[in-house]
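Novice: I am attaching a structure below and will ask some questions about it afterwards.
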Amino acid sequence: MQTGAPNDSDEIWQLDALKVVNMLACREVSPSEVLKSVQQRIEEVNTTVNALPTLCFSRAFEMIASSEASDKLSKSLLKGLPIVIKDSMPVKGVLTTYGSRVFKDYVPDFSDATVCKIEASGGLIYAKSNTPEFEAGANTFNEVFGATRNPWNTDLSAGGSSGGAAVAVATGMAWMAQGTDFACSLRNPAGFNGVVGLRPSIGVVPMGPSKWPFQTLSVAGPIARNVADCGLFLDAMAGSDVVDPFSSLPSPGVFSIAAQRPLRPKRVGFSLDMGLGPVDTSVRQIVTEAAHQLASNGVEVVNDYPDMLGAYQSFRTLRALQFATIWGHLLPDYRDVLKPDVVWNIEEGLALDSKTIIRAERLRGGIRSNILKFFEHHDALILPTSIVPPYPLAQRYVETCDGVQFDNYLEWMAPSFAVSLTGCPSISVPCGFTTKNLPIGVQIVAPPRMDKKLLSYAAFAETVLGTRLSRPIDPIAPSFDKDEVLSITATNP
């Protein structure tokens, strides 16, 4: 992975977000120059990876041209740094498809609370990143824009559902990109693309309006090239909004400060699978070596993990319930155009009875109790981000791992969605490469509401492992026709 400090010959799009924000603050560059730099980079590489299907540069340039807005930018946290928003997040006046043909022409007249917070913090929105339909799946493809390709090997999956966001950051088409995480959607694509993805605690980043404002599984969060940039972006996203009943108001700058102060955890639990299923051999080797490196640098690493019994049953039920609550109204009119995974989730949710939901909530409660007890004796939990390296793009989801066959598109995500059930913050940090030069991420989990400590632990791990992406990568020469529209066979999950 490319390393080294910035130098005078670097293009603006190559620099870390913190560096660019400091340059904006000192007026070494203008927001317009920064925008033009990333616009040029998009023209160079986006056709190869298809990460940013919707561009709205005119909106960003108009914001700069307004003297009132320009004055606000100069006093803001991000100072006019360009930001990418996931296509599942409404942005006023910008095409927002949710990756679905149902919404292929939808232009909302409002912005999500997350977007409002980013813009209030001085972020200039210039693009929407690709996502699978309604964020269903850890492979970013849809029938509106096609598939997003992994820049480390364009024949492979970028992960998901924030795949477009992670690819944009990895290739220099974005300094930081907003994503969301339900099962693994910030962490998995970060791991697959060699960048950092943080799933915050519930309520840190406000979301909404929503058909289910009281849901507690899906969160919005940052993807960035390194931990320090991730902390800066979390500060820009965090805050309170009346549309989100769980949102709260943190102290200004706390996450950025924490992310720049590496903290060595004293004692961490380590597990490759938490008893939830198989793990690919290459992932086992690389993540185990990362754990050994942490141990060699003064961290007590013990083979221990909380009991996650019932995680799959609980998550499958609660995920189905959320899909039915938020998207179930579309099924009667649009069944034929929704992808099978979405139909499956909605139908499962509509068919749930009270006993099944009660059982799922009780299982979740037990898992939460178990991890709280675990954190009484451990500062953090270390896991693989994903159980496999990036897999073939034309494969809808991971069907087998280490000889184990999966029945549906959810099962292979178990180590990450089990963490989602707990409500704990979790971050994916690059930790190494396979023999085929594919990035692997390590997942660090901290106690609930300990997002600041998590960032400091991640900064320590990033320093020890020495695998941060300090230069964006150029996508490997594609083995496909750039005009090709990828068709991934749709079968029942």
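The values are calculated or read from the model by the stated rules, or taken from the named source; none is laboratory data. These figures come from a predicted structure and were not determined experimentally. We place every Cβ from the backbone using ideal geometry, glycine too, and count neighbours over all the protein chains shown. Accessible surface areas use protein heavy atoms only, side chains included; no ligands, DNA or RNA. Shrake-Rupley method; radii C 1.70, N 1.55, O 1.52, S 1.80 Å.
Novice: Would you mind finding the one in PHE433, PHE460 that is under 15 Å from THR385 (Cα atoms), over 19 Å from the mean Cα position of the chain (by Cα), of a type in the set (A, V, I, L, M, F, W, C) and modelled with pLDDT of 95 or more?
Specialist: Answer to the check: PHE433.
Novice: Let me ask something else about it. Mind listing whichever residues of the range 419-437 are out of contact with any strand residue (DSSP E or B) (no Cβ under 9 Å at 6 or more places or on another chain) and farther than 20 Å from PHE246 by Cα?
Specialist: Within the range 419-437, THR435, LYS436, ASN437 qualify.
Novice: Another question, if that's okay. Just give me the residues in the range 391-403 being within 18 Å of THR148 (Cα to Cα) and either outside any strand (DSSP E or B) or of a type in the set (D, E, K, R) (or both), in sequence order.
Specialist: TYR391, LEU393, ALA394, GLN395, ARG396, TYR397, VAL398
Novice: So which of SER201, SER251, SER247 ends up being without any contact (Cβ under 8 Å) to a residue 24 or more places away in the chain, among the small types (Gly, Ala, Ser) and either touching a His at 6+ places or on another chain (Cβ under 6 Å) or closer than 27 Å to LEU18 by Cβ (or both)?
Specialist: None of the others qualify; the one that does is SER251.
Novice: Give me the pairs, please: first residue somewhere in the range 456-477 and closer than 17 Å to ILE286 by Cα and of a type in the set (Ser, Thr, Tyr), second residue anywhere and modelled with pLDDT of 95 or more and open to solvent by 20 Å² or more (accessible area, probe 1.4 Å), beta-carbon distance under 7 Å, and either six or more positions apart or on two chains.
Specialist: THR463/PRO262
Novice: Residues being on the phi > 0 side of the Ramachandran plot and open to solvent by 50 Å² or more (accessible area, probe 1.4 Å): count how many of those fall in the range 272-292.
Specialist: Number of matching residues: 1.
Novice: Which condition number does MET63 fail, the rest of (1) aliphatic (A, V, I, L, M); (2) under 19 Å from PHE145 (Cα atoms); (3) out of contact with any Lys or Arg (no Cβ under 8 Å at 6 or more places or on another chain) being met?
Specialist: Answer for MET63: the failing condition is (2).
Novice: Determine whether the range 333-340 contains at least one residue that is assigned to a helix (DSSP H, G or I) and without any contact (Cβ under 8 Å) to a residue 40 or more places away in the chain.
Specialist: Yes; the residues of the range 333-340 include at least one that is assigned to a helix (DSSP H, G or I) and without any contact (Cβ under 8 Å) to a residue 40 or more places away in the chain.
Novice: When the range 275-309 is examined, which residues are found to be more than 16 Å from GLY441 (Cβ to Cβ), within 23 Å of the chain's Cα centre (by Cα) and of a type in the set (A, V, I, L, M)?
Specialist: LEU276, MET308
Novice: Could you please find all residues in the range 377-413 being closer than 18 Å to SER161 by Cβ and either touching a Cys at 6+ places or on another chain (Cβ under 8 Å) or β-branched (Val, Ile, Thr) (or both)?
Specialist: Result: THR385, SER386, ILE387, VAL388, VAL398, TRP412, MET413.
Novice: Looking at VAL343, VAL388, which one is surrounded by 18 or more Cβ atoms within 10 Å (Cβ to Cβ), without any contact (Cβ under 8 Å) to a residue 24 or more places away in the chain and either aliphatic (A, V, I, L, M) or in a helix (DSSP H, G or I) (or both)?
Specialist: VAL343
Novice: If you don't mind, another one. Are there any pairs with C-beta distances below 8 angstrom linking a residue in the range 142-161 that is more than 18 Å from GLY179 (Cα to Cα) to a residue that is outside any loop (DSSP other than H, G, I, E, B) and basic (Lys, Arg), with the two at least 6 apart or on different chains, and if so which?
Specialist: Pairs that qualify, where the first residue is more than 18 Å from GLY179 (Cα to Cα) and the partner is outside any loop (DSSP other than H, G, I, E, B) and basic (Lys, Arg), are GLU143/ARG101; VAL144/ARG101; ASP155/ARG149; LEU156/ARG149.
Novice: Return yes when THR180 is of a type in the set (S, T, N, Q), open to solvent by less than 10 Å² (accessible area, probe 1.4 Å) and under 21 Å from TRP327 (Cβ atoms) and no when it is not.
Specialist: The answer is yes for THR180.
Novice: Here's something else I'd like to know. I'd like to verify a number: residues in the range 59-89 that are farther than 20 Å from MET23 by Cβ and open to solvent by 10 Å² or more (accessible area, probe 1.4 Å), how many?
Specialist: Matching residues across the range 59-89 total 7.
Novice: Quick check on THR180: is it within 15 Å of ILE118 (Cα to Cα) and of a type in the set (Ser, Thr, Tyr)?
Specialist: Against the criterion (within 15 Å of ILE118 (Cα to Cα) and of a type in the set (Ser, Thr, Tyr)), THR180 qualifies.
Novice: Check TRP327 against each of (1) surrounded by fewer than 17 Cβ atoms within 10 Å (Cβ to Cβ); (2) assigned to a helix (DSSP H, G or I) and name the one condition it does not meet.
Specialist: Result: TRP327 passes all but (1).
Novice: Another question about this same structure. Suppose we filter the range 123-177 for residues that are surrounded by 24 or more Cβ atoms within 10 Å (Cβ to Cβ), among the hydroxyl-bearing types (Ser, Thr, Tyr) and out of contact with any strand residue (DSSP E or B) (no Cβ under 8 Å at 6 or more places or on another chain); how many remain?
Specialist: 1
Novice: Here is a follow-up. Could you grab the pairs with beta carbons closer than 8 Å, sequence gap of 6+ or different chains, first residue in the range 46-67 and touching a residue at least 40 places away in the same chain (Cβ under 8 Å), second one open to solvent by 70 Å² or more (accessible area, probe 1.4 Å) and part of a loop (DSSP other than H, G, I, E, B)?
Specialist: THR47/LYS482; THR48/LYS482
Novice: Are any residues in the range 1-21 exposed (fewer than 14 other Cβ atoms within 10 Å of the Cβ) and either of a type in the set (Ser, Thr, Tyr) or modelled with pLDDT of 95 or more (or both), and if so, which ones?
Specialist: THR3, SER9
So that you can scan it fast, the table gives a plain yes or no per residue for (1) under 22 Å from SER271 (Cβ atoms); (2) open to solvent by 10 Å² or more (accessible area, probe 1.4 Å); (3) part of a strand (DSSP E or B):
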site: GLN443; (1), (2), (3): yes, no, yes
site: ARG449; (1), (2), (3): no, yes, no
site: LEU454; (1), (2), (3): yes, no, no
site: ALA459; (1), (2), (3): no, no, no
site: GLU462; (1), (2), (3): yes, yes, no
site: THR467; (1), (2), (3): yes, yes, no
site: ARG471; (1), (2), (3): no, yes, no
site: PRO475; (1), (2), (3): no, yes, no
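Novice: Go through (1) open to solvent by 60 Å² or more (accessible area, probe 1.4 Å); (2) part of a loop (DSSP other than H, G, I, E, B); (3) under 26 Å from ARG468 (Cβ atoms) and name the single condition ARG27 misses.
Specialist: The failed condition is (3).
Novice: Yes or no: the range 410-431 includes at least one residue that is surrounded by fewer than 24 Cβ atoms within 10 Å (Cβ to Cβ) and hydroxyl-bearing (Ser, Thr, Tyr).
Specialist: No, because not a single residue in the range 410-431 is surrounded by fewer than 24 Cβ atoms within 10 Å (Cβ to Cβ) and hydroxyl-bearing (Ser, Thr, Tyr).
Novice: Follow-up question, since we're still on this one. Scanning for something touching a residue at least 24 places away in the same chain (Cβ under 8 Å), over 30 Å from THR48 (Cα atoms), more than 25 Å from the chain's Cα centre (by Cα) and part of a loop (DSSP other than H, G, I, E, B), does the range 354-374 turn up at least one residue?
Specialist: no
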